[in-house]
Amino acid sequence: MLKKNIMEGFATEIGTIERPLIIPLGVNVTKVLNYLAGQDYMDANNILLGFPHPSGGNGHRHKQFAANKEQMKMMLQHYFSKEMTVG
């Protein structure tokens, strides 16, 4: 049922947005977005991977952010440099 809602709802809606920048908050959301990118519903280059879930329950969020910071910065620079040439 969840997969059906993702495919018929989210995947359809996200396809209507030109070059969305998506920041998944959590491992499971990342898995869904990677699946959709693998099925060509969205461009994997528009997903900011590595951003930790900000919940206080995620005790490793600061360490995760620090570990992924440079990779995320490079992705954002690439994303926005493309936007400048496209827009």
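With each pseudo-label sitting 7 Å past Cα toward Cβ, what's the residue 45-residue 5 distance in nm, one decimal?
Modelled inter-label distance: 3.3 nm.
Going through the cross-link list 3/82; 4/31; 4/82; 4/73, which pairs have a Cα-Cα distance over 26 Å in this structure?
Pairs exceeding the cut-off: 3/82; 4/82; 4/73.
Once you have the Kirkwood Rh of the range 1-57 from its Cα pairs, apply Stokes-Einstein at 20 °C and 1.002 mPa s and quote D in µm²/s.
Diffusion coefficient, whole number: 181 µm²/s.
Probe radius 1.4 Å, ligands and nucleic acids ignored: give me the carbon and sulfur share of the accessible area of the chain as a rounded percent.
After summing per-atom areas, the C and S share lands at 58 percent.
Go through 48, 79, 60 and say which Cα lies farthest out towards the positive end of the charge dipole of the chain; charges sit on Cβ, +1 for Lys and Arg, -1 for Asp and Glu.
Farthest towards the positive end: 60.
Classify the range 19-87 as rounded, prolate or oblate, taking a ≥ b ≥ c as the square roots of the eigenvalues of its Cα gyration tensor: rounded when a/c is under 1.5, otherwise prolate if a/b is larger than b/c and oblate if not.
Oblate, because a/c is 1.5 or more while a/b does not exceed b/c.
What's the magnitude of the charge dipole for the chain around its Cα centre, counting Lys and Arg as +1 and Asp and Glu as -1 at the beta-carbon? Answer in Debye, nearest 20.
400
Can you tell me the order of 36-42, 47-53, 25-31 when each peptide is scored by its average per-residue count of other Cβ atoms within 10 angstrom, highest first?
Listed from highest to lowest mean packing, they are 47-53, 36-42, 25-31.
What number comes out for accessible area per residue over the chain if the probe is 1.4 Å? Units Å², please.
Ligands and nucleic acids excluded, the result is 72 Å² per residue.
Taking 0.36 nm per residue of sequence separation and subtracting the Cα-Cα distance, how much length would be gained by fully extending the chain between residue 31 and residue 19, in nm to one decimal?
2.4 nm
The values are calculated or read from the model by the stated rules, or taken from the named source; none is laboratory data. Predicted model, so just to flag it, every value in this text is computed and none were measured. Glycine also receives a Cβ, built like all others from the backbone with ideal geometry; neighbour counts cover every protein chain displayed. For the accessible areas, the whole protein counts, side chains as well, though only heavy atoms, and no ligand, DNA or RNA atoms are used. Shrake-Rupley method; radii C 1.70, N 1.55, O 1.52, S 1.80 Å.
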